[in-house]
Amino acid sequence: MERAYNFNAGPAALPLDVLKEAQAELLNFNGTGMSVMELSHRSKDYEEVHNQAKELLRRLLAIPEDYEVLFVQGGASLQFSMVPMNLLLPEKTANYILTGVWSEKALDEAKKEGRIKVGATTAGQKYRSIPELEDLDLAPDEAYVHVTSNNTIYGTQWKQFPNTKDVPLVADMSSDILSKPLDIKRFGMIYAGAQKNLGPSGVTVVIIRKDLLERSPQELPTMLNYNTHASKNSMFNTPPTFAIYLLGKVLSWVERYGGVKAIEKLNDVKASMIYDAIDQSNGFYVGHAEKASRSVMNVTFNLASEELEKKFLAEAREKGFVGLNGHRSIGGCRASIYNAVPVEACEALREFMLEFKAKN
Ligand SMILES: *Cc1c(COP(=O)(O)O)cnc(C)c1O
């Protein structure tokens, strides 16, 4: 059976090797006579899977000792609430930088928990860009600054992060974590739903500096307090075992590939292939994002009319390209080219774009 050219925005493509390994182990994992899904989460076999995934993530992202790595559920969307519930001290203000729909959603949840401010927004420009660092309204006494590192819907990405000094920088990295090396020390906390770059849906990764755990109010519901998960190695209750198992396999795959530096190079090659097709089309394809803010993970573009876009998407579908329609909120086209999308798929898309332009 042919594998599709999968450009889905999330859940998204997984490495073929990972799927094959999981398939081979499905009925009998590690000689247990059962699948990982059927193991007790308190068993040695599962514990090893769990701890290995955590260690691999630490190694790949060079996460320092004074940070906890947590596996939680509820998606990135639950983090929109958990971040302010745990980190928004009552006498302080949380600063949200708006660069798209996901940061707006994060802000909406924070509003319910305490005082907020908007330190910058590019909503007026249809979120085509990331604000200039010098235009951010930052203050030294804020509870934290929240950014969305990659804007999945608009196809923009922060290239540099602000220096927030003693104010913790909190980043939603759902759609670009593990796509390049990161200086973790610049952040107080990072969170990411796994289903774009890390694995399947069902598990969310939280990387949090240990001193920030002291902020959580005692009266928070147990499951919504980061300390619950930190103190119990993310096994206070039943973790999403199969999702964590696959996450571990994706991380091993990245390590075998050469780590995040090698992945970054590959991602740059893949993105250039498609952006070049846009830039050399004499306006046949128009990128949504401003060039300086372009995402290496989500390439967004339009054609001259909605009619032509429909034709493009229909022909693409016929040729086996999946997931190229833009998010329902902005329309147009979007190619999500996360780590696991093979370079061959990007090459094929580029060829198709050139061909479609020549014919139309
Ligand atoms: C997909 C996405 C989300 C939503 O994630 P869920 O796990 O579905 O809650 C949040 N933020 C960003 C940047 C995303 O790309």
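The values are calculated or read from the model by the stated rules, or taken from the named source; none is laboratory data. Model, not experiment: these values are computed from the prediction. For neighbour counting, all protein chains shown are included, and Cβ atoms are generated from backbone atoms with ideal geometry for every residue, glycine included. All accessible areas refer to the heavy atoms of the entire protein, side chains included, with ligands and DNA or RNA removed. Shrake-Rupley method; radii C 1.70, N 1.55, O 1.52, S 1.80 Å.
Here are some residues: PRO168, PRO140. Which one is out of contact with any Asp or Glu (no Cβ under 6 Å at 6 or more places or on another chain), open to solvent by less than 70 Å² (accessible area, probe 1.4 Å) and not assigned by TED's automatic domain parsing to the domain that holds GLY287? Sole residue among the options that is out of contact with any Asp or Glu (no Cβ under 6 Å at 6 or more places or on another chain), open to solvent by less than 70 Å² (accessible area, probe 1.4 Å) and not assigned by TED's automatic domain parsing to the domain that holds GLY287: PRO168. Of all residues in segment 120-127, one or more are free of Cβ contacts under 8 Å to residues at least 24 places away in the same chain, open to solvent by 10 Å² or more (accessible area, probe 1.4 Å) and farther than 25 Å from SER179 by Cβ. Residue check: GLY248 meets all listed conditions (1) small (Gly, Ala, Ser); (2) open to solvent by 20 Å² or more (accessible area, probe 1.4 Å); (3) away from the ligand (no atom under 16 Å from the Cβ) but one, namely (2). Looking across segment 33-44, the residues that are touching a helix residue (DSSP H, G or I) at 6+ places or on another chain (Cβ under 9 Å) and open to solvent by less than 40 Å² (accessible area, probe 1.4 Å) come down to SER35, VAL36, LEU39, HIS41.
Restricted to helices (runs of 4 or more DSSP H) entirely inside segment 241-360, those with at least 1 residues that are in contact with a His (Cβ under 9 Å, 6 or more places away or on another chain) are 241-257. A Cβ distance below 8 Å, combined with a sequence gap of six or more or placement on separate chains, defines the contacts here; from segment 67-89, residues that are in a strand (DSSP E or B) reach residues that are surrounded by 20 or more Cβ atoms within 10 Å (Cβ to Cβ) and among the aromatic types (Phe, Trp, Tyr) in the pairs GLU68/TYR226; LEU70/TYR226.
Among the residues in segment 208-219, are any under 27 Å from ALA12 (Cβ atoms) and open to solvent by 30 Å² or more (accessible area, probe 1.4 Å)? Spell out how you get there, then give the answer.
Kept after step one, since they are under 27 Å from ALA12 (Cβ atoms), are these residues of segment 208-219: 208.
Narrowing further to those that are open to solvent by 30 Å² or more (accessible area, probe 1.4 Å): none.
Within segment 208-219, none of the residues are under 27 Å from ALA12 (Cβ atoms) and open to solvent by 30 Å² or more (accessible area, probe 1.4 Å).
On the basis of being in contact with a Leu (Cβ under 8 Å, 6 or more places away or on another chain), open to solvent by 50 Å² or more (accessible area, probe 1.4 Å) and part of a loop (DSSP other than H, G, I, E, B), does ARG3 make the cut?
Details: in contact with a Leu (Cβ under 8 Å, 6 or more places away or on another chain): yes; open to solvent by 50 Å² or more (accessible area, probe 1.4 Å): yes; part of a loop (DSSP other than H, G, I, E, B): yes.
Yes: the conditions hold for ARG3.
Are any residues in segment 89-108 away from the ligand (no atom under 11 Å from the Cβ) and either open to solvent by 50 Å² or more (accessible area, probe 1.4 Å) or in contact with a Cys (Cβ under 9 Å, 6 or more places away or on another chain) (or both), and if so, which ones? So that I can check it myself, show each step before the final result.
Start the filter on segment 89-108 by keeping residues that are away from the ligand (no atom under 11 Å from the Cβ), which leaves 89-98, 107-108.
Within segment 89-108, PRO90, GLU91, LYS92, ASP108 qualify.
Where residues in segment 148-165 are within 10 Å of the ligand (Cβ to nearest atom) and under 18 Å from ALA94 (Cβ atoms), which of them is surrounded by the most Cβ atoms within 10 Å (Cβ to Cβ)?
Filtering segment 148-165 down to residues within 10 Å of the ligand (Cβ to nearest atom) leaves 148-153.
Filter once more, keeping what is under 18 Å from ALA94 (Cβ atoms): 148-149.
Details: THR148: 29, SER149: 25.
Out of the qualifying residues, it is THR148.
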